[in-house]
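Novice: This structure is in structure tokens; I'll ask about it shortly.
FYI, it's all coordinate maths here, none of it is from the lab. What you see is a predicted model; the values in this text were computed from it and never measured. Don't worry about glycine lacking a Cβ; one is built from the backbone with ideal geometry, like all the others, and counts go over all protein chains shown.
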Amino acid sequence: MFGSNLSKVIIRCVVTVCILVVGVYFCFSSSSLDVSPKTGVVMDLPQTLAGLSGKEQPVSPAEKAILPADTEFAKMAYGTDHIQRVHAQIVLAGAEKRSIHRPEVCLPGQGWTIKSSQTVPIPLTDEKTLNVTLLNISIPVRVGNDTRELTQLFAYWFVGYGTTTPSHFVRIAKTNMDVLLHNTNHRWAYVIVSAPVLAGFLPDGQDLPATKAFLLDAIRELAPQIMKSEQSPDLAQAISTR
């Protein structure tokens, strides 16, 4: 038993060291990497989602200032002129890996409190399952003379060429293996779909369970339209002519 446990510890140590070595290699050799032009997403969000009309959103000055110039964006808000029910965004990395990051790092800096995090499987129409990370976040907002807590459900996942993961750390591991084995830095995309919990803010506002069901249905509808691995030839042709 002791020998078996020792072997497991040794294996874990070796794997950890290998990941660190690959990470160091990646950092110091990134300028000579071959950046693959292949992507796993279509940078064209649909005009309607979950029965709601979409409106293209601008890239913020902060995003332009912080992220590399070759980062690509697609951003839409779906709802009415006054109420935005769901937001969708794709961030596609360019040559530099810092285009993509963990939202758990930046959300607190924007004033959000992360209340919970879980991996949620979403069945797709082709009998595949898309795993996403779902964050329950909140922020204080002023409503008249009161301050209330607004809750938002924030789902994200990462899409590479022929691969997807809800985990930032799995994405980093796959990136490092691509660097080590193929000297290639694939252009990962970071997909976000979020929806506010509007119960208590609007007369017809949905509560948390209803908002979660609505959000997951929106992702189920959106994923085949933006992920190349989920597109049928007919759907891909239709999207290419949008």
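Novice: In the structure displayed, which of Lys75/Lys228; Lys128/Lys212; Lys115/Lys212; Lys174/Lys228; Lys75/Lys115 lie more than 23 Å apart, Cα to Cα?
Specialist: Lys75/Lys115
Novice: Here is a further query. Would segment 33-93 count as rounded, prolate or oblate if I go by the C-alpha gyration tensor, calling it rounded below 1.5 in a/c and otherwise prolate when a/b exceeds b/c, oblate otherwise?
Specialist: oblate
Novice: Starting at the first residue of segment 50-59, write each ³J(HN,Hα) from the Karplus equation 6.51 cos²θ - 1.76 cosθ + 1.60 with θ = phi - 60°, in whole Hz, x for Gly and Pro.
Specialist: 6, x, 10, 7, x, 10, 4, 10, x, 6
Novice: Moving on to the next point. I'd like the Karplus ³J(HN,Hα) series for segment 78-85: coefficients 6.51, -1.76, 1.60, θ = phi - 60°, whole numbers in Hz, and an x wherever there's a Gly or Pro.
Specialist: Working through the residues one at a time gives 10, x, 10, 5, 9, 10, 9, 8 Hz.
Novice: Name the long-range amide H neighbours of Ser167: under 5 Å, sequence gap of 5 or more, or other chain; modelled H, no Pro or chain starts.
Specialist: Sorted by chain and number, the residues that satisfy this are Phe158.
Novice: So if I place +1 on the C-beta of Lys and Arg and -1 on the C-beta of Asp and Glu, and nothing else carries charge, what would the dipole magnitude of segment 68-145 be about its Cα centre? I want it in debye, nearest 20.
Specialist: Values: 8 positive and 7 negative charges, 66 e Å.
So the dipole magnitude of segment 68-145 works out to roughly 320 debye.
Novice: If you put +1 on each Lys and Arg Cβ and -1 on each Asp and Glu Cβ, how big is the dipole of segment 152-236 around its Cα centre, in Debye rounded to 20?
Specialist: With only Lys, Arg, Asp and Glu charged at Cβ, the dipole is about 380 debye.
Novice: Taking the Cα centre as origin and putting +1 on Lys and Arg beta-carbons and -1 on Asp and Glu beta-carbons, what dipole magnitude results for segment 33-240, to the nearest 20 debye?
Specialist: Roughly 460 debye, rounded to the nearest 20.
Novice: To continue, here is another question. Sort 59-71, 159-171 by packing, meaning the average of other beta carbons within 10 Å per residue, with the highest value first.
Specialist: On the way: 59-71: 12.6, 159-171: 17.8.
Packing proxy ranking, top to bottom: 159-171, 59-71.
Novice: Rank by packing, highest mean first: peptides 185-194, 38-47, 145-154, 113-122, with packing defined as the count of other Cβ atoms within 10 Å averaged across residues. Display every interim value, and only then the final one.
Specialist: Working: 185-194: 22.9, 38-47: 17.1, 145-154: 14.6, 113-122: 12.6.
Ranked from most to least packed, the peptides come out as 185-194, 38-47, 145-154, 113-122.
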